[in-house]
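Asks: First the structure, then my questions, so here it is.
The values are calculated or read from the model by the stated rules, or taken from the named source; none is laboratory data. Since the structure is predicted, the reported quantities are computational estimates derived from the model, not experimental observations. Glycine gets a Cβ as well: all are built from the backbone with ideal geometry, and neighbour counts include every protein chain shown.
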Amino acid sequence: MLQQITPRSFFLPNDHETDRPCLGYVRGDRYALMIDAGNSPAHHRLFLDELAAAGLPAPSAIAITHSHWDHTYAMCAAACPTIVNHKTQAHLEQMSRWAWNLPAMEERLRTGEDIRFCHDCIVKEYPDLSAIRVVPGTVVYHHRLTLDLGGIHAELIHLENSHADDCSIVYIPEEKLVFLGDITCDDLHHKPRCIHQSRYDSLRRVLTELDFTRTVEGHYEQVCTKAEIFASMEEIIAETEAILP
């Protein structure tokens, strides 16, 4: 069910069953912004239905935090522009050429292009693998983009991090709120799972200086405080199998 954070901001909690991440929403006086598209058209439709049930308008645009499948494979169902950074666009263009059948997916596991956890969740989310359609974004930015939604702004900021080279955050300064996507997570595609210490330290410095009090992380069930997200980052470091420079 859609959860309200402030009078202008909301999120749909994650679902571990098929790794559906949190989806965010910010309503301005003129435009509404959705954060991440979802992992399938079914996930996307669920979010739109929740908005309608709450009397909220459909999004005017969707900001994508990074290219991983659970945040982007619903982009094909979007009825509005999707906004991505240039690295996310490159990854989406590459994935748009992938074949979707079990032999092709198993080959991507063998080559390391994908990982078993994602593979298994995709198979659960898509009973018909041929229905998967990966599409690029419609608006591309480099490094930083500020959107004026009317009475409130959204800042899309591409940051160095340990999870993926294309991760961005969506910062809502008037709300002192940050939609983090998965940017605080470790590198799941590296074997073994790892933290890249210098990138993680860079991210922590930026987040420390950013003026926010609440965060929505891609796979947490509830809104976190700034202190809680830093504590979570310390736990991730402690639980990670390898620390790289």
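Asks: Determine which single condition VAL216 fails, assuming it passes every other condition in (1) under 23 Å from ILE35 (Cα atoms); (2) assigned to a helix (DSSP H, G or I).
Replies: (2)
Residue-by-condition table, conditions (1) touching a strand residue (DSSP E or B) at 6+ places or on another chain (Cβ under 6 Å); (2) of a type in the set (S, T, N, Q):
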site: ARG108; (1), (2): no, no
site: ASP114; (1), (2): no, no
site: SER130; (1), (2): no, yes
site: ILE157; (1), (2): yes, no
site: VAL170; (1), (2): yes, no
site: LYS176; (1), (2): no, no
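Asks: Moving on to the next point. Just name the residue that is farthest from THR82 (Cα to Cα) out of those in region 4-26 that are under 14 Å from the mean Cα position of the chain (by Cα) and in a strand (DSSP E or B).
Replies: Once the filter is applied, the top-ranked residue is ASP15.
Asks: Also: All but one of (1) modelled with pLDDT under 95; (2) of a type in the set (S, T, N, Q); (3) within 18 Å of HIS68 (Cβ to Cβ) hold for SER168; which doesn't?
Replies: Condition (1) is where SER168 drops out.
Asks: Just need a number here: residues in region 182-217 that are buried (at least 18 other Cβ atoms within 10 Å of the Cβ), touching a residue at least 60 places away in the same chain (Cβ under 8 Å) and under 20 Å from CYS118 (Cα atoms).
Replies: Residues that pass the stated criteria total 3.
Asks: Okay, next question. Output the helices (runs of 4 or more DSSP H) that fall wholly within region 63-166 and possess 3 or more residues being over 30 Å from VAL26 (Cα atoms), or say none.
Replies: Result: 102-111, 116-125.
Asks: Out of curiosity, is PHE179 among the aromatic types (Phe, Trp, Tyr), under 26 Å from ASP15 (Cβ atoms), crowded, with 17+ Cβ neighbours inside 10 Å and touching a helix residue (DSSP H, G or I) at 6+ places or on another chain (Cβ under 7 Å)?
Replies: Criteria not met by PHE179.
Asks: Continuing with this model, one more query. Pick from region 1-45 the residues that are surrounded by 24 or more Cβ atoms within 10 Å (Cβ to Cβ) and of a type in the set (D, E, K, R): which of them is farthest from PHE179 (Cα to Cα)?
Replies: This residue is ARG20.
Asks: Among the residues of region 60-88, write down those that are within 25 Å of ASP148 (Cβ to Cβ), of a type outside the set (A, V, I, L, M, F, W, C) and crowded, with 21+ Cβ neighbours inside 10 Å.
Replies: Listed by number, the residues that qualify are THR65, HIS66, HIS71, THR72, THR82, ASN85, THR88.
Asks: If I filter region 40-59 for residues that are within 22 Å of LEU145 (Cβ to Cβ), part of a strand (DSSP E or B) and either of a type in the set (Lys, Arg) or out of contact with any Gly (no Cβ under 6 Å at 6 or more places or on another chain) (or both), do I get at least one hit?
Replies: Within region 40-59, not a single residue is within 22 Å of LEU145 (Cβ to Cβ), part of a strand (DSSP E or B) and either of a type in the set (Lys, Arg) or out of contact with any Gly (no Cβ under 6 Å at 6 or more places or on another chain) (or both).
Asks: Sticking with this structure for a sec: Tally time: how many residues in region 101-138 are surrounded by fewer than 16 Cβ atoms within 10 Å (Cβ to Cβ) and of a type in the set (A, V, I, L, M, F, W, C)?
Replies: 8
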